[in-house]
Amino acid sequence: MANLMLDHGQHLTYQVTGDGPPVVLLHSALGDSRQWDAQVQCLASRYRCIRYDLLGYGKSSDGWEGFDPADNLVRLMDALRIDQATLVGSSMGGAIALHAAVRYPDRAASLVLAGTGLFGFEPNVDQPDPPVYHAFEAAVALHDVDRTIELAEEIWLRGVEGREEEVPDAARRLFRLMNRERLYDHPWEGPEYLEDLDDTSRVSSVGVPSLIMVGEHDTPYCHLLADYLKERMPHAELVRLDGCAHLPNLSQPARFTETVERWLDSLPESLGSA
């Protein structure tokens, strides 16, 4: 792992593996760059895989108040002399990938968005939250580490409607480890991004090929957002993955990676070699 020093004295911890067209992997708020272990093992035989701990996660520093996460992504790409890359984002990482594609349209060759977020998105559907959501919020308010991780696993790794046997033990162990370290080493509330980040009116300007993936047992919010993006992004493909929830690259790593590889192979050669 290497460190990139930033202007405010903080650093990003990153890793580069493999050689070929660049692929940048952006993790969720429920993990760190280790979330991509299985994908790097496979993709690095054909791609230059760049993954890093976002500010406030893993071995990277905590962020400063009111920063734009896309700036740090582009800063890292510049340091590695990468003009354009495929951006692969999970949840919060997907929101950052989308934001980067909006703010820096020349830097994203294509997008892969799994259980993605979108800055500013508020669905116009009023759905009552399951009781487990309120239990999770209560555990967070109490800073109860064990209970917070247990409920986060139920909601986002297994899925409220999912089954225990759908999540491999290795995925469960890694999920618990990453979140335990995060809750002990970084602020519980996460990094403080700019308050006015809102990409809802601009996603239609994202003209690069985009693969949107959402798990069968993911949250209603993520399913609504996946449909919202599919309707508005001119070159988006939507794939729903059965038998998994919010983090398919953890719970179904082989299937997730194969889906991504097939999709990348389907792109025009000029994009695949960006």
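The values are calculated or read from the model by the stated rules, or taken from the named source; none is laboratory data. Every value quoted in this text rests on a predicted model; they were computed, and no experiment measured them. Cβ coordinates were reconstructed from backbone atoms using ideal geometry, including for glycine residues, and neighbour counts include every protein chain displayed. In case anyone asks, the SASA skips ligands and DNA or RNA and just uses the protein heavy atoms, side chains included. Shrake-Rupley method; radii C 1.70, N 1.55, O 1.52, S 1.80 Å.
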Derived scalar couplings ³J(HN,Hα) [the stretch 137-148; Karplus, 6.51 cos²θ - 1.76 cosθ + 1.60; whole Hz; x for Gly, Pro]: 4, 5, 5, 5, 4, 8, 6, 8, 4, 4, 5, 4
Hydrodynamic radius by Kirkwood for the stretch 180-239, inverse mean 1/r across distinct Cα pairs, in Å, is 13.9 Å
Taking the Cα centre of the chain as origin, sum charge times position over the Cβ atoms of Lys and Arg (+1) and Asp and Glu (-1), and report the length of that vector in debye to the nearest 20. 920 debye
Projected label distance in nm at Trp188 and Arg255, using a 7 Å step from Cα toward the beta-carbon: 3.5 nm
How many percent of all Cα-Cα pairs in the stretch 146-198 sit more than 14 Å apart? 61 percent
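Note the full-extension length gain between Ala44 and Asp62 as 0.36 nm times their separation in residues minus their Cα-Cα distance, in nm to one decimal.
Contour length minus Cα-Cα distance gives 3.6 nm.
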How large is ³J(HN,Hα) for each residue in the stretch 231-239, as worked out from phi by the Karplus curve 6.51 cos²θ - 1.76 cosθ + 1.60 (θ = phi - 60°), to whole Hz, x for Gly and Pro? 6, 10, 8, x, 10, 9, 10, 10, 10
Quick check: pseudo-label points 7 Å beyond the Cα along Cα→Cβ at Arg163 and Asn124, how many nm apart are they? 3.8 nm
Counting only the heavy atoms of the protein chains, how much of Glu189 is accessible to a 1.4 Å probe, in Å² to the nearest 10? 140 Å²
So, for the stretch 1-147, what is the accessible surface per residue at a probe of 1.4 Å, expressed in square angstrom? 41 Å²
Could you work out the mean projected area of the convex hull around the alpha carbons of the stretch 1-145, in square nanometres to one decimal? 10.3 nm²
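Taking 0.36 nm per intervening residue step and subtracting the Cα-Cα distance, what contour gain separates Glu137 from Met1 on full extension? Display every interim value, and only then the final one.
On the way: separation 136, 0.36 × 136 = 48.96 nm, distance 3.37 nm.
Once the chain is fully extended between Glu137 and Met1, it gains 45.6 nm.
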Which of Leu87, Gly18, Ala108 sits farthest toward the positive end of the charge dipole of the chain, with +1 on the Cβ of Lys and Arg and -1 on the Cβ of Asp and Glu? Gly18
Quantify, in whole percent, the carbon and sulfur part of the accessible surface of the stretch 65-200 (1.4 Å probe; protein heavy atoms only). 46 percent
Considering only DSSP beta bridges whose two residues both sit in the chain, what percent are antiparallel, to the nearest 5? 25 percent
Take the Cα atoms of the stretch 53-132, find their three principal axes, and give me the spread along each one in whole Å, biggest first. 47, 28, 20
Determine the relative contact order of the chain: mean sequence separation of Cα pairs under 8 Å and six or more apart, normalised by residue count, in whole percent. 21 percent
I'd like to know how the chain sits against the 2.2 N^0.38 Å rule of thumb: what's its Cα Rg over that expected value? 0.94
